[in-house]
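S.K.: Supplied in structure tokens, the structure appears directly below.
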Amino acid sequence: MDSTRIDKWLWAARFFKTRSLASDAVERGRVKLNEERCKPARSLKPGDLLDIDNGSTEWQVRVVALSDQRGPAPVARQLYEETPESLQRREQEAERRRLFAEPADGLRGRPTKRDRRQLDRSR
């Protein structure tokens, strides 16, 4: 195999749960091939550089191997190599999320009667 579709590869490498999610991400410009937007049917070959934003994390990876079949995670990990800059950026983002929790994370819908009383007492 010398090339495969980018949406199939993203699915096989486990960046997206479904191939349709991978295809939508490519169409919306959240996946860039060699720093350029592309279409889901674009051919991918070893050595290509991908910038991937799957919603929760951003990756920059170099394609090492091709596959159009989804397999176990350890096998999928061998399809790409993450750049050192990307790895450092993801670690910094994880550390930031760990240290600075979002204040609205604890809120779920309308406050209960107990929550309202606590809010009133704090004011």
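The values are calculated or read from the model by the stated rules, or taken from the named source; none is laboratory data. Just so it is clear, the model here is predicted, and its values are computed rather than measured. Ideal geometry is used to build each Cβ from the backbone, glycine not excepted, and the neighbour counts take in all protein chains shown.
S.K.: Is it the case, given these coordinates, that Gln92 is over 19 Å from Phe15 (Cβ atoms), under 16 Å from the mean Cα position of the chain (by Cα), in a helix (DSSP H, G or I) and not β-branched (Val, Ile, Thr)?
M.R.: On the way: over 19 Å from Phe15 (Cβ atoms): yes; under 16 Å from the mean Cα position of the chain (by Cα): yes; in a helix (DSSP H, G or I): yes; not β-branched (Val, Ile, Thr): yes.
So Gln92 passes the test.
S.K.: Out of Ser23, Ser86, I need the residue that is assigned to a helix (DSSP H, G or I), in contact with a strand residue (DSSP E or B) (Cβ under 6 Å, 6 or more places away or on another chain) and not acidic (Asp, Glu). Which one?
M.R.: Values: Ser23 fails: in contact with a strand residue (DSSP E or B) (Cβ under 6 Å, 6 or more places away or on another chain).
Residue meeting the stated conditions: Ser86.
S.K.: While we're looking at this one, here's another question. Can you tell me which of Leu87, Leu66 is touching a Lys or Arg at 6+ places or on another chain (Cβ under 9 Å) and surrounded by 11 or more Cβ atoms within 10 Å (Cβ to Cβ)? Give the derivation first.
M.R.: Details: Leu87 fails: touching a Lys or Arg at 6+ places or on another chain (Cβ under 9 Å).
That would be Leu66, the only listed residue that is touching a Lys or Arg at 6+ places or on another chain (Cβ under 9 Å) and surrounded by 11 or more Cβ atoms within 10 Å (Cβ to Cβ).
S.K.: Oh, and also: Cβ-Cβ distance below 8 Å, separation of 6 or more or different chains: which pairs start in the stretch 92-116 with a residue that is within 16 Å of Ser56 (Cβ to Cβ) and among the acidic types (Asp, Glu) and end on one that is part of a loop (DSSP other than H, G, I, E, B) and at pLDDT below 90?
M.R.: These pairs meet every condition: Glu93/Thr57.
S.K.: Moving on. Give me the pairs: first residue in the stretch 65-78 and of a type in the set (A, V, I, L, M, F, W, C), second residue outside any loop (DSSP other than H, G, I, E, B), beta-carbon distance under 7 Å, and six or more apart or on different chains, which are they?
M.R.: Leu66/Thr4; Leu66/Trp9; Leu66/Leu44; Ala76/Ala12
S.K.: Before we move on, is Glu102 acidic (Asp, Glu) and within 17 Å of the chain's Cα centre (by Cα)?
M.R.: Considered against the rule, which asks whether it is acidic (Asp, Glu) and within 17 Å of the chain's Cα centre (by Cα), Glu102 comes out as no.
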